[in-house]
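The values are calculated or read from the model by the stated rules, or taken from the named source; none is laboratory data. Worth saying up front: this structure is predicted, and the values here are computed from it rather than measured. Cβ atoms come from the backbone with ideal geometry, glycine included; neighbour counts cover every protein chain shown. Accessible surface areas use protein heavy atoms only, side chains included; no ligands, DNA or RNA. Shrake-Rupley method; radii C 1.70, N 1.55, O 1.52, S 1.80 Å.
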Amino acid sequence: MIPLEWYLALSAILFCIGVFGVMSRRNAIGILMGIELMLNAANINLVAFGSFHKPAVLTGHIFAVFVMTIAAAEAAVGLAIIIAVYRSRLHINVDKIHEMKW
């Protein structure tokens, strides 16, 4: 059986890659991909802790399903916004998009 620390290390690595992707990318698609990596890292943590919890409850797994549902909704809404911005401006560089700021 793989120890819990390996799952946590994998999750931390994925989360750091996601944060780096969000912080370094100017392309909106790249930012969405970074957010998805961070959500998947959280899912790995939830499932790992749920599996290693001795009274076998599926709390971690159920939370992971909720996170996947929210991630799918976020991707659908985010991609719709990106497509609408691309159709009007012909680019998706987040530094040049100012309409959604207050």
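Between helix 59-89 and the chain, what is the angle of the helix's C-alpha long axis to the longest principal axis, kept within 0 to 90° and rounded to the nearest 10?
Here the helix axis deviates by roughly 10 degrees.
Just by accessible area at a 1.4 angstrom probe, what is the order of F63, F52 from largest to smallest?
Working: F63 110, F52 65 Å².
From most accessible down to least: F63, F52.
Could you compute the FRET efficiency for H61 and I13, with r as their C-beta to C-beta distance and R0 at 30 Å, rounded to 0.05? Intermediate results must be reported in sequence, preceding the final value.
On the way: r = 22 Å, r/R0 = 0.73.
With R0 = 30 Å, the Cβ-Cβ based efficiency is 0.85.
Would you kindly state how much longer the chain becomes between M68 and R25 on full extension, computed as 0.36 nm times their sequence separation minus their alpha carbon distance, in nm to one decimal? Kindly include the intermediate steps, with their values, before the conclusion.
Working: separation 43, 0.36 × 43 = 15.48 nm, distance 2.31 nm.
Answer, rounded to one decimal: 13.2 nm.
Could you work out how much longer the chain between A75 and S88 gets when fully extended? Use 0.36 nm per residue separation minus the Cα distance between them, nm to one decimal. The partial results should precede the final answer.
Details: separation 13, 0.36 × 13 = 4.68 nm, distance 1.99 nm.
Full-extension gain reported as 2.7 nm.
Using the alpha-carbon atoms, what tilt in degrees (0 to 90, nearest 10) does helix 28-52 show relative to the longest principal axis of the chain?
With rounding to tens, the tilt is 10 degrees.
Given a 1.4 angstrom probe, I'd like the percentage of the accessible area of the chain that is carbon and sulfur, rounded to a whole number. Don't jump to the answer; show the numbers that get you there.
Working: 5550 of 7350 Å².
In the chain, the share of accessible area belonging to carbon and sulfur is 76 percent.
What number does the chain give for Rg over Rh if you use C-alpha atoms and the Kirkwood radius? Write out the running numbers ahead of the final one.
Values: Rg = 16.9 Å, Rh = 15.2 Å.
My calculation of the ratio gives 1.11.
So what is the accessible area of the chain per residue, in Å², with the probe set to 1.4 Å?
Numbers: 7350 Å² over 102 residues.
On a per-residue basis, 72 Å².
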